[in-house]
Structure formats: C-alpha cells, structure tokens
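*Asks:* Mind having a look at this structure? Questions to follow.
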Amino acid sequence: MSSWKNPILLLSGIGISYLGSWIYLIALNIAVLDLTGSAAAVAGLYIIRPIAVLITNTWSGSVIDRANKRKLMIATDVIRGLLVIIIPFTDSLWLIYLIMLFINVAGAFFGPSSTVYIAKLVPEENRQRFNSVMSMTASGAFLLGPAIAGALIMFAGTDICIIINAISFIVCAFFIYLLPDVDEAKQDAKEPIRLATLIEDWKAVRHFITGAKFFIFVYLLYQGATLIGYALDPQEVTFIKKHLGLSTQDYGLIVSITGIGALAGSSVAALGAKKIPLKYYLGGGMLLQSIGYIAFYSSVDFFTATAAFVFLGFFMAFATAGYATFFQNKVPIDLMGRFASVAEMAQGVIQISLTLVVGFLAEWFTVQFVCIAFSVVGVAFAIILFATIVMPSKAAYFKEKTQTQSAAS
C-alpha cells in the first residue's frame with residue numbers, strides 16, 4: 001500500500017475540492033436568483049465556462065506542458081479560493097460574472113495539469129483503479145454536496161456555502177503541496193510563450209494526431225457519444241416535468257438516486273479494475289451508458305425514469321474511468337497538456353452547438369422524439385466504438401502493464 005500513499009493524498013485533496021464545488025454550485029445559483037430574481041441571470045452562469053475555455057485553450061496547453069504541474073495546480077487552487085471568497089461580499093451581478101470568468105480561466109489550467117500530473121504520479125498498471133476511485137470520489141461529492149448545501153442554506157444561508165468552497169480550494173492546494181514534484185527541470189520552462197511558440201505547439205499536436213490514427217478514431221467515437229449525452233442533459237428536467245408530469249421534488253429525488261447509482265458503479269469499477277480489461281471499461285461502459293439515455297427518454301413514469309437513470313449513472317462510472325486511463329496511457333506526457341487544451345476547445349464549440357440544436361428541435365417537435373433520436377445516434381457511435389476496440393487485431397493496443405509487486409495491489 002505504500003505506493004498508494006501519494007495517490008490517496010491527491011484523491012483526498014481533489015475530493016474535498018469536488019465536494020466544495022457542489023455545495024458552492026447550488027448556493028451560487030440560489031444567491032444569483034435571490035439577487036436578480038431572473039432565471040436568465042442564473043442561466044448566464046453556465047455559459048461562462050465555455051467562454052473561459054475559448055479564451056484560454058488556444059495557449060493554456062503550451063503553458064501547462066512547460067510549467068511545473070504541481071506548482072501550477074497549487075497556484076490555480078489558491079487563486080480560485082481567493083476569488084471565490086470575494087463573491088459573498090458583492091451585490092453586483094456583472095462583478096460576479098467577471099469573478100466567475102477568472103475562476104473558470106484558472107480552472108482551465110487545473111484540469112489538464114492534473115491529468116498530466118496523475119499520468120506521472122500513478123504507474124500505468126494502477127491508473128485504471130485510480131481513475132475508478134477518482135470517479136467514485138466525484139460521485140460521492142455529487143451525492144453529498146447538494147444535500148449538505150440544502151441543509152446549510154436552510155440554517156445559515158448561501159454565503160457560508162460559498163466560503164466553504166473557497167476553503168476547499170485552499171485545502172486541496174495544501175494536499176497537493178504535500179505531494180512530490182514529478183516534473184524534471186526544463187530549460188525552456190522560463191521562455192515566454194510567443195505566437196511562434198504557439199504555432200510550433202499546434203504543429204506538434206497536429207503531428208501527433210496524424211501519426212495516431214487509431215487513437216484519434218477511438219477518441220472521436222467516444223467524444224461523439226459523450227457530447228450527444230451532454231447535449232441531452234439540459235432536457236432532463238423538461239422531459240420529467242412536462243412529458244412525465246412529475247414535480248420538481250420528484251426530479252430532485254431522481255437525481256439523488258442517480259447519484260447513488262453512480263457511486264455504486266464507481267465502487268464496482270474500482271474493485272474490478274485489476275480483473276476487467278480496460279477496453280471493456282471504455283467500450284462496454286460507453287455502450288451501456290448510451291443505452292441508458294434511450295431508456296430514460298423512453299420512460300413512462302417515475303419508476304422507469306429512475307431505473308434508467310440509475311442504470312446510466314452506474315455504467316457512466318466505467319466509461320469515465322476507462323476513458324481517463326486510455327487517454328493517460330496513449331497520449332505522450334510531454335504533449336498531454338497541449339492536446340487536452342486544443343481538444344477541450346473543440347469539444348466546447350461542438351457541445352454548445354449540439355445543445356442549441358437539441359433545444360431548438362425540441363421546440364419544433366417533442367422533447368421525447370428529439371432526445372430519443374439523438375440517443376440512437378449516440379448508441380450508434382458507442383456500438384462502432386465497442387466493435388472497434390474488441391477486435392482481436394487491436395488486443396495489443398489495449399494491453400496494460402501487469403503489476404509485479406503484490407504490495408502495490
């Protein structure tokens with residue numbers, strides 16, 4: 001277990017940050033609604049992150065791949081903590097939006113940096129289990145965060161929830177401070193990022209893409225199914241309330257039970273990481289997750305909707321852990337930050353476009369018809385993905401290192 005000391009420390013820090021973020025998200029939505037009385041103002045919070053991605057991701061990867069990942073993660077967490085603590089002391093919606101923009105810009109550095117750091121900190125043979133436990137941590141935060149937020153808001157108001165999130169960022173930074181520095185010293189780390197540097201970095205990403213055709217094919221199939229799911233997510237509450245005729249309380253209960261399903265799935269994924277091959281986590285998990293969307297939008301009452309969502313959440317944990325491991329194993333570590341940043345920018349544009357298309361079509365047709373149609377397309381992507389990666393000729397591509405020391409298992 002000694003080899004798991006540092007990964008557990010990292011999981012603890014990120015887990016606390018996840019929990020704080022869920023508490024904060026619920027509280028911030030309510031705080032903005034109370035401040036403005038406008039649902040549109042609350043919706044505005046959700047377009048800030050894509051804007052931050054478009055602002056930063058053309059150049060953030062170049063910084064990430066050249067910077068010390070541990071120090072960068074600490075700095076972004078501290079910055080986010082200090083920015084969040086300002087929010088309870090302002091009553092200006094536009095200032096809140098501006099602070100949120102800076103928070104999300106900092107977050108655009110933390111995500112890819114943590115992916116690279118994990119790839120360097122965790123040995124390849126342990127990554128599938130680590131990513132499964134990471135998924136379990138996220139599911140636990142998703143389950144507990146809103147419940148804690150509800151209790152705190154009831155007895156202490158929204159400000160305390162926002163302050164807790166600020167503290168969680170600082171605590172996460174402290175945990176990361178206790179971790180080892182896994183980056184080797186680089187002479188070019190202090191060189192300024194110029195336009196010529198960015199052009200060379202984009203060429204390096206393009207060179208990798210053209211030379212890793214099978215990886216890109218698998219990556220595009222997975223992201224295609226995932227982005228369709230993201231585009232369908234905003235229609236959940238409309239489908240539940242207008243098509244099934246359920247209440248807001250029913251919707252909240254369905255989401256809570258789904259959290260239990262996701263937590264159970266990630267727990268099973270963590271336990272089975274040494275026994276179930278990566279390709280089944282990636283392909284099988286995504287296929288069953290995609291089928292879950294069809295089942296949900298085909299549901300007829302509270303019980304069938306809840307069962308479909310639990311099914312979806314359970315297998316989403318496998319797909320998420322499988323994808324994270326696949327990405328860390330196949331993208332060169334020294335290029336990971338740049339590739340992730342460019343990919344996230346493209347995904348953000350596609351996600352916004354798909355979400356708008358689904359929303360407009362749902363106005364013209366029925367929510368159920370449109371969502372089932374898009375779900376079928378997602379399943380088609382997932383079937384091709386699964387069929388591709390289970391081909392015997394691709395077995396060596398997904399072969400992982402075996403654990404040689406029983407103490408590390």
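*Asks:* From D91, D65, which residue is out of contact with any Cys (no Cβ under 7 Å at 6 or more places or on another chain) and over 30 Å from A204 (Cα atoms)? Walk me through it before giving the result.
*Replies:* Details: D65 fails: over 30 Å from A204 (Cα atoms).
Checking each option against the conditions leaves just D91.
*Asks:* Can you name every residue in the stretch 311-335 that is modelled with pLDDT under 90, farther than 23 Å from A395 by Cα and more than 18 Å from the chain's Cα centre (by Cα)?
*Replies:* D334, L335 - these are the residues of the stretch 311-335 that are modelled with pLDDT under 90, farther than 23 Å from A395 by Cα and more than 18 Å from the chain's Cα centre (by Cα).
*Asks:* With the condition being in contact with a Gly (Cβ under 9 Å, 6 or more places away or on another chain), I'd like the helices (runs of 4 or more DSSP H) fully within the stretch 1-93 carrying at least 2 qualifying residues.
*Replies:* Hits in the stretch 1-93: 5-36, 48-56, 60-66, 69-84.
*Asks:* Determine if the stretch 394-407 includes at least one residue that is at pLDDT below 85, surrounded by 13 or more Cβ atoms within 10 Å (Cβ to Cβ) and among the acidic types (D, E). Spell out the reasoning first.
*Replies:* Within the stretch 394-407, the first condition is being at pLDDT below 85, and the residues that meet it are 394-407.
Among the residues that remain, those that are also surrounded by 13 or more Cβ atoms within 10 Å (Cβ to Cβ) are: 394, 397-398, 400, 403.
From what is left, the residues that are among the acidic types (D, E) are 400.
Yes: one or more hits.
*Asks:* If you don't mind, another one. Given the residues I148, I153, I96, which is the only one that is hydrophobic (A, V, I, L, M, F, W, C), modelled with pLDDT of 85 or more and in a helix (DSSP H, G or I)? Before the answer, list the steps.
*Replies:* Values: I148 fails: modelled with pLDDT of 85 or more; I153 fails: modelled with pLDDT of 85 or more.
Going through I148, I153, I96 in turn, the sole match is I96.
The values are calculated or read from the model by the stated rules, or taken from the named source; none is laboratory data. Predicted model only: the values in this text are computed from it and were never measured. We place every Cβ from the backbone using ideal geometry, glycine too, and count neighbours over all the protein chains shown.
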